[in-house]
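Here the structure is laid out as structure tokens; the discussion comes afterwards.
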Amino acid sequence: MYAPLPDYLIREQATVGALVTFGVLRVIGAAVARAYGWRIVTVERLFVAAAALYCMPSLADAIAQGWAANALAQFEGNVLGSAVALFFAPILSHRLGYE
């Protein structure tokens with residue numbers, strides 16, 4: 001019989017996945033925005049909306065399972081990783097000269 005993964009491992013994996021996904025995409029989005037002359041505020045709002053959409057399936061899963069520990073850990077990891085990435089990616093984009 002398989003033992004379930006501990007909550008902290010699920011949370012860490014979801015956090016790192018969201019962090020890498022939104023961090024890399026946000027820097028690429030800033031580079032594309034600069035190349036086409038888009039406003040950076042528009043790009044920021046699009047990525048906040050994308051992060052919300054990214055977290056919706058895990059929120060629905062957590063609600064459907066009655067706020068089970070594993071589902072809640074997945075949701076928390078997605079939210080935390082997205083928030084950290086969207087906070088620090090503009091700093092990196094600015095350092096690279098895209099903002």
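Which of the residues that make up segment 66-87 are touching a residue at least 24 places away in the same chain (Cβ under 8 Å), farther than 13 Å from D7 by Cβ and not aliphatic (A, V, I, L, M)?
Residues satisfying the conditions are N78, G81, S82.
Any residue that is in contact (Cβ under 8 Å) with a residue 24 or more places away in the chain, closer than 30 Å to L5 by Cα and of a type in the set (S, T, N, Q) - is there at least one of those in segment 49-65?
Among the residues of segment 49-65, at least one is in contact (Cβ under 8 Å) with a residue 24 or more places away in the chain, closer than 30 Å to L5 by Cα and of a type in the set (S, T, N, Q), which makes the answer yes.
Report, by residue number, each residue of segment 5-20 that is free of Cβ contacts under 8 Å to residues at least 40 places away in the same chain and not in a helix (DSSP H, G or I).
Matches in segment 5-20: P6 only.
Is there a residue in segment 79-86 that is open to solvent by 70 Å² or more (accessible area, probe 1.4 Å) and in a helix (DSSP H, G or I)? Quick ask: steps written out before the conclusion?
Here is the first cut: in segment 79-86, the ones open to solvent by 70 Å² or more (accessible area, probe 1.4 Å) are 80.
Imposing the further condition that a residue be in a helix (DSSP H, G or I) reduces the set to 80.
Taking every residue of segment 79-86 in turn, at least one turns out to be open to solvent by 70 Å² or more (accessible area, probe 1.4 Å) and in a helix (DSSP H, G or I).
Checking the structure you have, find out if any residue of segment 44-57 is part of a loop (DSSP other than H, G, I, E, B) and open to solvent by less than 60 Å² (accessible area, probe 1.4 Å).
Kept after step one, since they are part of a loop (DSSP other than H, G, I, E, B), are these residues of segment 44-57: none.
Taking every residue of segment 44-57 in turn, none turns out to be part of a loop (DSSP other than H, G, I, E, B) and open to solvent by less than 60 Å² (accessible area, probe 1.4 Å).
In segment 21-43, what residues are open to solvent by 60 Å² or more (accessible area, probe 1.4 Å) and in contact (Cβ under 8 Å) with a residue 60 or more places away in the chain?
Result: R34, single match.
Residue-wise test of (1) within 17 Å of the chain's Cα centre (by Cα); (2) loosely packed, with under 15 Cβ neighbours inside 10 Å; (3) farther than 22 Å from I91 by Cα; (4) not hydrophobic (A, V, I, L, M, F, W, C).
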residue: Y2; (1), (2), (3), (4): no, yes, yes, yes
residue: T15; (1), (2), (3), (4): yes, no, no, yes
residue: A64; (1), (2), (3), (4): no, yes, yes, no
residue: F75; (1), (2), (3), (4): yes, no, yes, no
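The values are calculated or read from the model by the stated rules, or taken from the named source; none is laboratory data. Computed from a predicted structure; not experimentally measured. Heads up, the Cβs are rebuilt from the backbone with ideal geometry, glycines too, and the neighbour counts pull from every protein chain shown. The accessibility values were calculated without ligands, DNA or RNA, using every heavy atom of the protein model including side chains. Shrake-Rupley method; radii C 1.70, N 1.55, O 1.52, S 1.80 Å.
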